[in-house]
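Asks: Structure incoming, see below.
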Amino acid sequence: MAAKLDSGGGGKYHVEANAEINVTPFVDIMLVLLIIFMVASAVATVSVEVTLPVAATKPTENPPKPVFISINTEGRVYIGDYETSFGSLGSELNAAIGARDPSKERIFIRADQNTRYGDFMQTMNALQDAGFYSVALVGEDKAPQ
């Protein structure tokens, strides 16, 4: 609270209360916050459109016995060459890998390029529910140009 010293009457050390509020610190803080939000919103938006290049990496070695899941355009799911359903996908995968740890087992997913995204996500959800977290997507190798 500020005080105002009065030089007139009432004694040498008479102090009168000042009821005015100093808003300068408040305005300073608001301006700083405004600048922070303006900079943050400009950084958060992506306005440059880019076409990402094709990733061309060297093929990695396959595990001793890879497990492939295939999804065709009709949404049918296969483990290897045998058709399965989304409900039994986890139990059949556990049978396919045997005694190996599901959390460390890499599952290879082959999906047709016209597969619905919903079918793909349903497969991914079934894999996560069964404890399979390492998934590799299989695509065609593109010849270097």
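The values are calculated or read from the model by the stated rules, or taken from the named source; none is laboratory data. It should be emphasised that the depicted structure is a prediction, and the values quoted were computed from it without experimental measurement. No Cβ is skipped: glycine too gets one built from the backbone with ideal geometry, and neighbour counts run over all protein chains shown.
Asks: For segment 132-145, does any single residue satisfy the condition of being among the polar types (S, T, N, Q), in a loop (DSSP other than H, G, I, E, B) and at pLDDT 85 or above?
Replies: No, there is no match, as no residue in segment 132-145 is among the polar types (S, T, N, Q), in a loop (DSSP other than H, G, I, E, B) and at pLDDT 85 or above.
Asks: Identify, by number, the condition in (1) at pLDDT 80 or above; (2) surrounded by 10 or more Cβ atoms within 10 Å (Cβ to Cβ); (3) under 18 Å from Ile107 (Cβ atoms) that Thr73 doesn't meet.
Replies: Every listed condition holds for Thr73 apart from (3).
Asks: Among the numbered conditions (1) within 29 Å of Lys58 (Cα to Cα); (2) part of a helix (DSSP H, G or I); (3) in contact (Cβ under 8 Å) with a residue 40 or more places away in the chain, tell me where Leu93 comes up short.
Replies: (3)
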